[in-house]
Amino acid sequence: MQENIKRYSRSKVSNYDKYPFVQVTDEKVCIEGWEPIFTAIKQKVDTLTGKKALVVVECYQGVHHDELRTQLKNGLNPDLFIDASESMLPEKEIDALVAPYLTDDPVFGYITDLTLDQFFSRQKLEVSREKIEKADSGLILVYGCGASLLAPAPDLLIYADMARWEIQQRMRRNEVGNLGVNNQQEAFAYQYKRGFFVDWRLCDRWKRTLMQQWDYVLDTHIRNHPKMVAGKEVLKGLEKTANRPFRVVPFFDPGVWGGQWMKEVLDLDRFAVNYAWGFDCVPEENSLLLGFGNCRFEIPSINLVFYQSVALLGEKVQARFGDEFPIRFDFLDTMDGGNLSLQVHPDAAYIRENFGMPYTQDESYYMLDVEEDAFVYLGLKEGVNPAQMIADLAQAQNGGAPFDADKHVKKWPVKKHDHVLIPAGTVHCSGRNSMVLEISATPYIFTFKLWDWNRLGLDGKPRPIFLDHGKAVIQWDWTEARTKKEILNRTELLSSGNGWREERTGLHELEFIETRRHWFTKPVPHHTRDGVNVLNLVEGWEAIVESPTQAFEPLVVHYAETFIVPAAVGAYTIRPYGEGEGMECATIKAFVRT
């Protein structure tokens with residue numbers, strides 16, 4: 001394995017930053033450790049004028065309740081402690097409530113329209129509210145997911161937040177269950193599905209109503225190392241982030257087809273079996289690190305979308321997508337790995353009707369690096385027989401002869417910097433020995449696997465195949481001639497200047513994302529034009545993003561790093577920097593067509 005890794009070395013020690021942050025202030029406004037946090041809360045309580053102090057600690061799903069509940073009770077020693085979970089419906093009733101949104105499908109459900117209050121018993125809520133009302137003195141502490149429902153007008157509101165990527169790790173370790181139930185021992189796939197389609201939707205809707213009421217925010221992503229910052233400081237940090245280029249915190253995951261490239265080039269754990277995915281711009285799941293003095297305070301990056309949606313996205317994009325970030329950048333590493341699954345994505349009508357998503361997962365593969373034998377499956381062979389192809393897929397799935405992909409699907413060689421466009425309904429698959437920068441719309445779990453090369457997952461279990469969904473959405477007219485003409489490496493020179501040139505590389509006219517590649521040895525002028533830009537440095541060692549009017553602090557980016565330029569930024573420039581000066585660099589930029 002070490003010999004394979006060395007093949008991808010770029011002759012220098014990796015400069016990829018795995019923990020980027022936005023420095024909000026140099027002042028020490030972040031409180032670290034439980035004892036200092038308790039001291040700060042007690043001091044705040046002492047400033048209240050009434051006989052009783054009502055403190056609410058509202059929680060996102062996925063916090064370690066065993067830690068938070070115990071520490072808060074022991075550290076604050078309240079006169080009355082009320083756990084919001086005790087006012088919830090019985091688990092069986094919650095299971096029945098969410099069942100229609102989970103369906104019988106092993107992976108997919110339907111985006112819920114439930115709200116958090118529906119998880120609670122009205123009778124139990126009233127009992128808890130009466131207890132709070134009758135307490136005429138002392139410290140009353142109300143804790144848990146939905147605690148604000150019990151006490152909607154607290155003297156002090158503390159919000160314990162949690163990024164989804166960390167929640168997933170806790171689910172895999174059987175440390176947390178889903179909202180309102182003790183199901184820590186359930187399979188991760190089920191817990192994740194329930195989180196994606198139900199829990200996180202409820203918690204996000206409720207969070208949005210509370211953000212401007214936060215007195216403090218708790219970061220408990222690291223067990224037994226809590227951090228607390230005043231809510232107004234966190235919101236100030238989000239406002240600053242929405243007016244400058246920034247990066248979210250990337251995360252990486254192994255997979256059955258995973259490769260070895262990211263280990264070396266991005267400086268990841270050499271002892272990991274592989275890395276299949278690298279998620280460096282999926283704001284629903286990534287974290288955002290805010291710098292307060294020398295403290296790095298972690299919150300979900302989706303908070304930025306909720307609180308600064310227009311500044312981040314732009315008016316037209318926000319009007320179209322609401323408080324959602326519509327562009328996703330991630331890595332797919334198959335270097336010395338295996339093929340991805342042969343797959344297809346649903347069209348907009350299908351994903352809306354069957355899963356409740358308002359838009360679909362159009363995507364593309366930008367070939368960041370390849371070996372000489374790299375290829376993609378893209379589109380179908382001329383004269384393909386749909387009935388025969390589906391029959392062959394079904395036979396293979398039922399234990400018959402392996403599916404002969406080359407018989408039905410067109411296989412194309414690819415080279416470094418090719419851009420393969422994949423509108424919804426197009427059968428596709430990246431082959432082994434490729435490093436793909438996937439540029440796509442955000443609904444990232446809606447992949448219908450048609451064939452997975454007879455592989456088991458890393459857990460030793462068969463990976464789900466979705467032939468019924470797949471055959472309903474395959475666009476059979478995406479055959480070789482049309483594929484070559486419309487979606488395979490469609491590069492067009494648009495403009496050039498002193499030391500730079502701009503190319504359009506996609507996406508297809510059926511997709512809402514536009515991409516532009518810039519090659520440059522000198523500063524390149526860019527403008528957001530009232531829409532969020534997402535970029536990756538796909539060639540070159542180092543570059544710097546600057547404001548022509550010094551409106552924001554410059555951002556230094558390194559090879560393969562994805563960065564976001566909010567709509568509010570307007571004009572900005574990018575040029576080679578540091579050890580990269582004098583080199584030709586390239587960025588790929590994505591934005592929403594408006």
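Residues PHE271, PHE306: which one is among the hydrophobic types (A, V, I, L, M, F, W, C) and closer than 18 Å to ALA163 by Cα? First the steps, then the outcome.
Details: PHE271 fails: closer than 18 Å to ALA163 by Cα.
Going through PHE271, PHE306 in turn, the sole match is PHE306.
Residue-by-condition table, conditions (1) under 17 Å from ALA567 (Cα atoms); (2) of a type in the set (Asp, Glu); (3) open to solvent by 30 Å² or more (accessible area, probe 1.4 Å):
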residue	(1), (2), (3)
HIS518	no, no, no
LYS522	no, no, yes
HIS527	yes, no, yes
SER547	yes, no, no
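Within the range 294-306, track down each residue that is surrounded by fewer than 21 Cβ atoms within 10 Å (Cβ to Cβ) and within 14 Å of MET211 (Cβ to Cβ). First the steps, then the outcome.
Initially, the range 294-306 is screened for residues surrounded by fewer than 21 Cβ atoms within 10 Å (Cβ to Cβ), giving 294-296, 306.
If the condition is that a residue be surrounded by fewer than 21 Cβ atoms within 10 Å (Cβ to Cβ) and within 14 Å of MET211 (Cβ to Cβ), then PHE306 is the only one that fits.
Are any residues in the range 391-407 outside any loop (DSSP other than H, G, I, E, B) and open to solvent by 10 Å² or more (accessible area, probe 1.4 Å), and if so, which ones? Before the answer, list the steps.
As a first pass, look at the range 391-407 and keep what is outside any loop (DSSP other than H, G, I, E, B): 391-397, 405-407.
Once the filter is applied, which keeps residues that are outside any loop (DSSP other than H, G, I, E, B) and open to solvent by 10 Å² or more (accessible area, probe 1.4 Å), the range 391-407 yields ALA391, ASP392, ALA394, GLN395, GLN397, ASP406, LYS407.
Determine which member of the set GLU264, GLU284 is closer than 19 Å to GLY237 by Cα and surrounded by fewer than 22 Cβ atoms within 10 Å (Cβ to Cβ).
Values: GLU264 fails: closer than 19 Å to GLY237 by Cα.
Result: GLU284 is the single residue among GLU264, GLU284 that is closer than 19 Å to GLY237 by Cα and surrounded by fewer than 22 Cβ atoms within 10 Å (Cβ to Cβ).
Counting just the residues of the range 356-390 that are outside any loop (DSSP other than H, G, I, E, B) and among the acidic types (Asp, Glu), which one comes out surrounded by the most Cβ atoms within 10 Å (Cβ to Cβ)? If you could, list the steps in order and put the result at the bottom.
Taking the range 356-390 first, the residues outside any loop (DSSP other than H, G, I, E, B) are 363-370, 375-380, 386-390.
Narrowing further to those that are among the acidic types (Asp, Glu): 363, 369.
Details: GLU363: 25, ASP369: 20.
Looking at residues that are outside any loop (DSSP other than H, G, I, E, B) and among the acidic types (Asp, Glu), I get GLU363.
Does the range 419-441 hold any residues that are assigned to a loop (DSSP other than H, G, I, E, B) and either open to solvent by less than 10 Å² (accessible area, probe 1.4 Å) or under 16 Å from LEU340 (Cβ atoms) (or both), and which are they? Walk me through how you get there before you give the answer.
Of the range 419-441, the ones assigned to a loop (DSSP other than H, G, I, E, B) are 423-427, 431-433.
Residues satisfying the conditions are PRO423, GLY425, THR426, VAL427, GLY431, ARG432, ASN433.
Inspect the range 252-260 for any residue being open to solvent by 10 Å² or more (accessible area, probe 1.4 Å), outside any loop (DSSP other than H, G, I, E, B) and of a type outside the set (Asp, Glu) and give the result as yes or no.
Among the residues of the range 252-260, at least one is open to solvent by 10 Å² or more (accessible area, probe 1.4 Å), outside any loop (DSSP other than H, G, I, E, B) and of a type outside the set (Asp, Glu), which makes the answer yes.
Residue by residue through the range 443-455, note down the ones that are open to solvent by less than 10 Å² (accessible area, probe 1.4 Å) and assigned to a loop (DSSP other than H, G, I, E, B).
Those that are open to solvent by less than 10 Å² (accessible area, probe 1.4 Å) and assigned to a loop (DSSP other than H, G, I, E, B): PRO443, PHE446, ASP452.
Are any of the residues in the range 492-502 touching a residue at least 40 places away in the same chain (Cβ under 8 Å) and not acidic (Asp, Glu)? Even if it seems obvious, please write down each step before you answer.
As a first pass, look at the range 492-502 and keep what is touching a residue at least 40 places away in the same chain (Cβ under 8 Å): none.
Taking every residue of the range 492-502 in turn, none turns out to be touching a residue at least 40 places away in the same chain (Cβ under 8 Å) and not acidic (Asp, Glu).
Do any residues in the range 118-138 that are within 15 Å of LYS52 (Cα to Cα) have Cβ atoms under 6 Å from those of residues that are of a type outside the set (A, V, I, L, M) and open to solvent by 70 Å² or more (accessible area, probe 1.4 Å), where the two are at least six apart or on different chains, and which pairs are they?
Here the result reads SER137/LYS51; GLY138/ASP79, each pair linking the range 118-138 to a residue that is of a type outside the set (A, V, I, L, M) and open to solvent by 70 Å² or more (accessible area, probe 1.4 Å).
Residues LEU450, LEU378, LEU437: which one is more than 23 Å from PRO106 (Cα to Cα), in contact with a Leu (Cβ under 6 Å, 6 or more places away or on another chain) and in contact (Cβ under 8 Å) with a residue 24 or more places away in the chain?
LEU437
Of everything in the range 261-272, what is among the hydrophobic types (A, V, I, L, M, F, W, C) and part of a loop (DSSP other than H, G, I, E, B)? Give them in sequence order.
Going residue by residue through the range 261-272, those that are among the hydrophobic types (A, V, I, L, M, F, W, C) are 261-262, 265-266, 268, 271-272.
Scanning the range 261-272 gives LEU266, LEU268, PHE271, ALA272.
Could you say which residue among ASP215, ASP253, ASP269 is within 29 Å of ASN15 (Cβ to Cβ) and touching a strand residue (DSSP E or B) at 6+ places or on another chain (Cβ under 7 Å)? It would help to see each step written out before you state the result.
Details: ASP215 fails: within 29 Å of ASN15 (Cβ to Cβ); ASP269 fails: touching a strand residue (DSSP E or B) at 6+ places or on another chain (Cβ under 7 Å).
It is ASP253.
Looking for whichever is crowded, with 20+ Cβ neighbours inside 10 Å and part of a helix (DSSP H, G or I) here; the options are LEU141, LEU149. Which one fits?
On the way: LEU141 fails: part of a helix (DSSP H, G or I).
The unique qualifying residue is LEU149.
Given the criteria part of a helix (DSSP H, G or I), in contact (Cβ under 8 Å) with a residue 24 or more places away in the chain and open to solvent by 30 Å² or more (accessible area, probe 1.4 Å), does ARG170 qualify?
Details: part of a helix (DSSP H, G or I): yes; in contact (Cβ under 8 Å) with a residue 24 or more places away in the chain: yes; open to solvent by 30 Å² or more (accessible area, probe 1.4 Å): no.
Spelling it out, it is not the case that ARG170 is part of a helix (DSSP H, G or I), in contact (Cβ under 8 Å) with a residue 24 or more places away in the chain and open to solvent by 30 Å² or more (accessible area, probe 1.4 Å).
Return a yes/no flag: does the range 499-509 have any residue that is more than 24 Å from the chain's Cα centre (by Cα), closer than 30 Å to PRO523 by Cα and modelled with pLDDT under 95.
Looking for residues that are more than 24 Å from the chain's Cα centre (by Cα), closer than 30 Å to PRO523 by Cα and modelled with pLDDT under 95, one finds at least one in the range 499-509, hence yes.
The values are calculated or read from the model by the stated rules, or taken from the named source; none is laboratory data. Everything numeric here is computed off the predicted structure, so don't read it as measured data. We place every Cβ from the backbone using ideal geometry, glycine too, and count neighbours over all the protein chains shown. Side chains are part of the model used for accessible areas, which takes the heavy atoms of the whole protein and leaves out ligands, DNA and RNA. Shrake-Rupley method; radii C 1.70, N 1.55, O 1.52, S 1.80 Å.
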